[in-house]
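Report on one structure; see the data block that follows.
The values are calculated or read from the model by the stated rules, or taken from the named source; none is laboratory data. What you are looking at is a predicted structure, and each value in this text was computed from that prediction instead of being measured. All Cβ positions, even for glycine, are placed from backbone atoms using ideal geometry, and neighbour counts span all protein chains on display. Ligands, DNA and RNA are stripped out before the accessible areas are found, and what is left, the full protein with its side chains, is counted by its heavy atoms. Shrake-Rupley method; radii C 1.70, N 1.55, O 1.52, S 1.80 Å.
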Amino acid sequence: MTNLANVSVRNLRIELGANTVIEALDLDVRAGEFVVLLGPSGCGKSTLLHSIAGLIDVTDGSIEIGGEDMTWADPKDRGVALVFQSYALYPTMNVERNMSFALRINGTPKPEIERRVKRAADMLQLGPLLSRKPAQLSGGQRQRVAIGRALVREADVFLFDEPLSNLDAKLRTELRRELKQLHQQLGATMIYVTHDQVEAMTLATRMAVMKGGVIQQFGTPAEVYARPENLFVATFLGTPPMNLLRGTLQADEGKLWFRGPQLSVDVTNYAFKGAPDLTRPCVLGVRPEDVRAGGRGAAQQEPLKGTLTLVEPMGNHRVLWLDYHGVQIASIDQDKAPLASGAPVPFEIDVQHVSLFDEAGGERL
Ligand SMILES: Nc1ncnc2c1ncn2[C@@H]1O[C@H](COP(=O)(O)OP(=O)(O)O)[C@@H](O)[C@H]1O
Ligand SMILES: [Mg+2]
């Protein structure tokens with residue numbers, strides 16, 4: 001049966017050829033968590049995942065699984081099961097044979113194989129498909145079989161490398177929900193790699209945002225979205241991404257202001273991480289849903305005045321693109337009243353939800 005295992009990566013360094021892909025990386029995954037590694041293509045997500053699986057040798061550092069040092073353990077002895085983006089099913093074997101292959105190889109008794117395959121097939125609604133060959137399955141069904149093949153291993157830790165990337169949009173969202181339910185049913189530790197922020201936001205109990213082999217931020221999706229640690233995370237998440245305005249901090253009349261060209265925002269109540277340096281250029285970040293078009297909110301200031309350049313209808317909301325003294329600002333708007341391009345649109349910035357960053361280093365203030 002599945003045990004609950006934590007995964008602890010310490011000071012990991014991985015060199016591939018002349019590339020240092022990962023340098024001094026730490027990651028702690030608690031038992032039963034669903035951790036998503038999110039980042040752009042080439043940032044080292046697969047390398048990290050495959051090193052946990054034992055498919056890539058580490059150059060330095062250690063990997064513990066369930067409290068045991070597995071840094072140099074054989075992949076089959078780690079209690080992990082890996083699901084790839086490509087299904088890699090055996091074309092000549094039916095679903096049942098594909099799912100049970102590894103168990104037959106390692107000599108698992110037949111009744112035990114049958115029990116595990118039935119359990120996985122039930123969980124993934126594969127029962128009616130057990131005698132089909134991969135060619136007779138849809139893409140979504142094939143990926144279910146690939147997941148089933150991992151489930152029968154009854155591993156302590158399940159690793160997924162972009163398992164939904166080859167599926168069309170509708171199937172991807174369906175299987176995404178099934179994976180989340182599967183995690184809730186099994187309660188097993190899962191580590192899931194994706195470049196898709198929606199998958200990360202919807203699936204993760206905690207997510208690690210990666211860039212250039214370095215974890216930029218590790219936290220719950222809500223934390224990472226609301227309080228990004230740096231400009232990279234701020235703009236990697238969110239559709240459209242966070243609006244960024246350049247300026248400086250100024251103390252004036254007992255208050256602290258963010259002042260940009262034609263813009264003054266009261267940031268007196270902002271939760272600074274340390275004493276702010278008023279001499280350094282900084283960036284104010286505000287999510288499109290915190291830019292209120294119409295200026296009907298709890299105004300602390302006169303509404304700003306933008307010019308509408310574009311409307312993007314999204315069905316349940318729309319994105320207004322406003323030109324504000326040459327800066328394009330996105331505003332998410334629930335209103336339906338038609339708006340003409342070029343119309344003046346008053347807007348307010350919700351100061352409770354802004355982020356401030358050092359412009360040069362990009363880190364959160
Ligand atoms: N075998 C290899 N030899 C040298 N460099 C590699 C090798 N495999 C991957 N890389 C490099 O390591 C980096 C991270 O790759 P990868 O972990 O696959 O990224 P991701 O999964 O985030 O897209 C990339 O720059 C890639 O070019
Ligand atoms: Mg990858």
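Think of a 1.4 Å ball rolled over the protein heavy atoms: the chain then has 47 Å² of accessible area per residue. Fully extending the segment from Asp168 to Asp122, taken as 0.36 nm per residue of separation minus the present Cα-Cα distance, adds 14.2 nm.
Coupling constants for region 344-360 follow from the phi torsions by the Karplus curve (6.51 cos²θ - 1.76 cosθ + 1.60, θ = phi - 60°), and in residue order they are x, 10, x, 8, 10, 9, 6, 5, 5, 10, 8, 10, 10, 10, 6, 5, 5 Hz; glycine and proline get x.
Scanning the chain for chymotrypsin sites (Phe, Trp or Tyr not before Pro) in DSSP loops with at most 14 other Cβ atoms within 10 Å, what's the longest stretch left with none? With a cap of 14 other Cβ atoms within 10 Å, the longest stretch comes to 73-271. Take every pair of alpha-carbon atoms less than 8 Å apart whose residues are at least six positions apart; their mean separation over the length of the chain yields a relative contact order of 16 percent. Would you please classify the overall shape of region 197-322 from the alpha carbon gyration tensor, given that a ≥ b ≥ c denote the square roots of the eigenvalues, rounded means a/c under 1.5, and beyond that prolate means a/b larger than b/c while oblate covers the rest? Oblate, since a/c reaches 1.5 and b/c is not below a/b. The lysines whose alpha-carbon is closer than 26 Å to the alpha-carbon of Lys305, local same-chain residues fewer than 8 away aside, are Lys255, Lys336.
For the chain, a Gaussian network of Cα nodes joined below 10 Å ranks His353, His195, His317 by mean-square fluctuation, and the top entry is His317.
Looking at the chain alone, DSSP beta bridges between its own residues are antiparallel in about 75 percent of cases.
Bridgeable aspartates and glutamates around Lys118 (alpha carbons under 20 Å apart, same-chain partners fewer than 8 residues away excluded): Glu96, Glu154, Asp156, Glu178. Model label points for Ala24 and Gln352, set 7 angstrom from Cα along the Cα-to-Cβ axis, are 3.9 nm apart. For the chain, the membrane-span-like helices by this rule, meaning whole DSSP H stretches whose C-alpha atoms cover at least 15 Å of axis and whose Kyte-Doolittle mean is 0.0 or above, are 95-105; this says nothing about an actual membrane. For region 84-136, what class follows from the C-alpha gyration tensor (a ≥ b ≥ c being the square roots of its eigenvalues): rounded when a/c is under 1.5, otherwise prolate if a/b is larger than b/c, else oblate? Oblate shape, in that a/c is at least 1.5 and b/c is the bigger or equal ratio.
For the pair Asn11 and Ala31, the difference between a 0.36 nm per residue extended length and the Cα-Cα distance amounts to 5.2 nm. Here the 3J(HN,Hα) profile of region 233-244, calculated from phi with Karplus coefficients 6.51, -1.76 and 1.60 at θ = phi - 60°, is 5, 4, 9, 6, 9, x, 10, x, x, 3, 6, 10 Hz, Gly and Pro shown as x.
For GluC sites (Glu not before Pro), no site in region 46-105 is both called loop by DSSP and has at most 10 other Cβ atoms within 10 Å. When the helices of the chain are scored as -39500 (n - 2.57) per DSSP H run of n ≥ 4 and the total is divided over every residue, the value at 222 nm lands at -7000 deg cm²/dmol.
Among beta bridges identified by DSSP and lying wholly in region 79-221, the antiparallel ones come to about 35 percent. Remark on Leu256: its backbone amide H falls under 5 Å from those of Val267, Thr268, a criterion applied only to residues 5 or more positions apart or on other chains, H modelled at 1.01 Å from N. Rg over Rh for region 1-134 works out to 1.02, using Cα positions for both radii and the Kirkwood form for Rh.
Scanning residues 5 or more positions from Glu359 or on other chains, those with amide H under 5 Å from its amide H are Cys282, Val283, with H placed 1.01 Å from N in the peptide plane. For the chain, modelled as a GNM whose springs connect Cα atoms under 10 angstrom apart, the maximal fluctuation among Asn94, Asn19, Asn230 occurs at Asn19. Across region 153-167, computed HN-Hα scalar couplings (Karplus, 6.51 cos²θ - 1.76 cosθ + 1.60, θ = phi - 60°) run 5, 6, 6, 7, 9, 9, 10, 10, 10, 6, x, 9, 5, 8, 9 Hz from first to last residue, x flagging Gly and Pro. Using a cutoff of 8 angstrom between alpha carbon atoms and counting only pairs six or more residues apart, the relative contact order for region 256-365 works out to 34 percent. Rolling a 1.4 angstrom probe over the chain with all protein chains present gives an accessible area of which 51% lies on carbon and sulfur atoms.
Distance between the modelled labels on Asn316 and Leu278, one decimal in nanometres: 4.5 nm (7 Å Cα→Cβ projection). Less than 5 angstrom separates the built amide H of Thr189 from those of Ala5, Gly32, Phe158, all sequence-distant by 5 or more or on a different chain. For the chain, just say rounded, prolate or oblate: build the C-alpha gyration tensor, square-root its eigenvalues into a ≥ b ≥ c, call rounded for a/c under 1.5, and beyond that prolate if a/b exceeds b/c, oblate if not. Judged from the Cα gyration tensor, the chain comes out prolate (a/c at least 1.5, a/b above b/c).
Within the straight-line cut-off of under 26 Å between alpha carbons, the lysines reachable from Lys211 are Lys45, Lys180, Lys273, sequence neighbours fewer than 8 places apart in one chain being disregarded.
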